[in-house]
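Got a structure here, written out as structure tokens. Questions coming.
The values are calculated or read from the model by the stated rules, or taken from the named source; none is laboratory data. For clarity, every value in this text was computed on a predicted model and none was experimentally measured. Because the Cβ atoms are built from the backbone with ideal geometry, glycine has one as well, and the counts that use them run over all protein chains shown. Ligands, DNA and RNA are excluded from the accessible area calculation, which covers all protein heavy atoms including side chains. Shrake-Rupley method; radii C 1.70, N 1.55, O 1.52, S 1.80 Å.
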Amino acid sequence: MTVVWINGAFGAGKTATARELIELIPNSTLFDPEVVGGALTHLLPPKRLAEVGDFQDLPIWRRLVIDTAAALLAEIGGTLVVPMTLLRQEYRDEIFGGLAARRITVQHLLLAPAETILRERIAGREIPPDLPDGEIRVRQWSYDHIEPYRAALASWLTADAHLVDTSALTPYETAVRIAEAVAAGAVPVCDIVQTPEPTAETVASGVLLFDERDRVLLVDPTYKAGWEFPGGVVEPGEAPARAGMREVAEETGIELDDVPRLLVVDWERPVPPGYGGLRLLFDGGRLDSAEADRLLLPGPELRAWRFVSEDEAADLLPPVRYERLRWALRARERGAALYLEAGTPVG
């Protein structure tokens, strides 16, 4: 199962190209995630919608895009053509990683007309007459996203996207080029880690690593939203502490010589769609400056990493995960492991 994701700034011609492309790629179907955004305006309370400036900022939108794409492919198979602007790397990683977890490959294309052409297209864009202040709002919305598009283009956007300059191309001509590139294998599959979605409660092991200032290492995985500790799900038949050591080596390149000491066992309650389970944190010890310098640069699994103080971690970690860290640090100070339920000590 494959997704052909057509990215680009507003006004690049993504939707028009996608409509042409499904006529050129056999057994392909158009899926426009704007439909999911439109549905959320009827499903979510107005107060919640008012809290975000873009429906992409809603975690439910990103999850529904993944789930809907997977459901469509399970129902009809073939190739899904998805025209959608993604300018935030963490959203791209979350969505593409969620698809990869369902064994759905993603081929990422970027329509990139010259900025002058892009502005001309925005200026000449037809606006539905029934939208109040539609022309002003829609055009300004598109113009406002040119700068974020420019910034993404200069940093991460072209790293795995197949670039198509559409400055002098019609949507049909663009679709022909894309179809030819896909058929010839010129559009590589995105290198996103495939982390299968759990189907039951899991056991996961995290390892706390410290620098010489006793700051703790956090990592920003590409395959899910939010900062984390190095670690991952314990595989069948694997000892939890060894799982943490394996994940540290895979994610950071650091080989731990000694089995890390247990700090906390935390029961995470199931919150649909998550299943929860046991979360263990171990003390991986202090890295000297030479070891810290050997940390791997972010690759397919990591977007970034950093050493942070306890106070700084509060701004990066979800509340329950931060409480888990906070009590793990107290356990480290006291030299005794703690049992938690949902981040709160029990017993």
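Do any residues in segment 162-190 that are farther than 15 Å from P83 by Cα have Cβ atoms under 8 Å from those of residues that are open to solvent by less than 30 Å² (accessible area, probe 1.4 Å) and among the aromatic types (F, W, Y), where the two are at least six apart or on different chains, and which pairs are they?
Close Cβ pairs satisfying both conditions: C190/F96.
Further question on the same structure: Out of (1) within 21 Å of the chain's Cα centre (by Cα); (2) among the aliphatic types (A, V, I, L, M); (3) at pLDDT 85 or above, the odd one out for A101 is which?
Status for A101: all satisfied but (3).
Also, I was wondering about something else. Enumerate the helices (runs of 4 or more DSSP H) found wholly within segment 230-347, keeping only those where 1 or more residues are open to solvent by 70 Å² or more (accessible area, probe 1.4 Å) and over 26 Å from P59 (Cα atoms).
On the way: elements: 240-252, 289-293, 310-314, 319-334.
The helices (runs of 4 or more DSSP H) meeting that bar are 240-252, 289-293, 319-334.
Scanning for something out of contact with any Cys (no Cβ under 6 Å at 6 or more places or on another chain), closer than 28 Å to V233 by Cα, at pLDDT below 80 and open to solvent by less than 30 Å² (accessible area, probe 1.4 Å), does segment 105-116 turn up at least one residue? Steps first, please.
Taking segment 105-116 and keeping what is out of contact with any Cys (no Cβ under 6 Å at 6 or more places or on another chain), we get 105, 107, 109-116.
Now narrow it down to the ones that are closer than 28 Å to V233 by Cα: 105, 107.
Those left that are additionally at pLDDT below 80: none.
No, segment 105-116 has no match at all.
Residue-by-condition table, conditions (1) over 26 Å from W5 (Cβ atoms); (2) of a type in the set (S, T, N, Q); (3) part of a loop (DSSP other than H, G, I, E, B); (4) at pLDDT 60 or above:
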{"site": "P128", "(1), (2), (3), (4)": "no, no, yes, no"}
{"site": "L131", "(1), (2), (3), (4)": "yes, no, yes, no"}
{"site": "I136", "(1), (2), (3), (4)": "yes, no, no, no"}
{"site": "R139", "(1), (2), (3), (4)": "no, no, no, yes"}
{"site": "Y143", "(1), (2), (3), (4)": "no, no, no, yes"}
{"site": "Y149", "(1), (2), (3), (4)": "no, no, no, yes"}
{"site": "A154", "(1), (2), (3), (4)": "no, no, no, yes"}
{"site": "T158", "(1), (2), (3), (4)": "no, yes, yes, yes"}
{"site": "L163", "(1), (2), (3), (4)": "no, no, no, yes"}
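Can you name every residue in segment 204-223 that is in a loop (DSSP other than H, G, I, E, B) and under 20 Å from V308 (Cα atoms)?
To start, the set of residues in segment 204-223 that are in a loop (DSSP other than H, G, I, E, B) comprises 211-215, 222-223.
Scanning segment 204-223 gives D211, E212, R213, D214, R215, T222.
Which residues, counting only those in segment 202-229, are open to solvent by 30 Å² or more (accessible area, probe 1.4 Å) and in contact with a Ser or Thr (Cβ under 9 Å, 6 or more places away or on another chain)?
Hits for segment 202-229 are E212, R213, D214, R215, Y223, K224.
Can you tell me how many residues within segment 58-94 are within 18 Å of A9 (Cβ to Cβ) and under 13 Å from the mean Cα position of the chain (by Cα)?
Residues in segment 58-94 being within 18 Å of A9 (Cβ to Cβ) and under 13 Å from the mean Cα position of the chain (by Cα): 6 in total.
Do we find that L73 is outside any strand (DSSP E or B) and out of contact with any Cys (no Cβ under 6 Å at 6 or more places or on another chain) in this structure?
Yes: the conditions hold for L73.
Can you tell me which of D32, D57, D93 is in contact (Cβ under 8 Å) with a residue 40 or more places away in the chain and open to solvent by 20 Å² or more (accessible area, probe 1.4 Å)? Reasoning before the result, please.
Values: D57 fails: in contact (Cβ under 8 Å) with a residue 40 or more places away in the chain; D93 fails: open to solvent by 20 Å² or more (accessible area, probe 1.4 Å).
Result: D32 is the single residue among D32, D57, D93 that is in contact (Cβ under 8 Å) with a residue 40 or more places away in the chain and open to solvent by 20 Å² or more (accessible area, probe 1.4 Å).
So which residues in segment 30-45 are more than 19 Å from the chain's Cα centre (by Cα), in a helix (DSSP H, G or I) and aliphatic (A, V, I, L, M), if there are any at all?
Correct list: V35, A39, L40, L43.
Restricting segment 12-28 to residues that are among the hydroxyl-bearing types (S, T, Y) and assigned to a helix (DSSP H, G or I), which is least open to solvent (accessible area, probe 1.4 Å)?
Initially, segment 12-28 is screened for residues among the hydroxyl-bearing types (S, T, Y), giving 15, 17, 28.
With assigned to a helix (DSSP H, G or I) added as a condition, the list becomes 15, 17.
Working: T15: 46, T17: 3 Å².
Out of the qualifying residues, it is T17.
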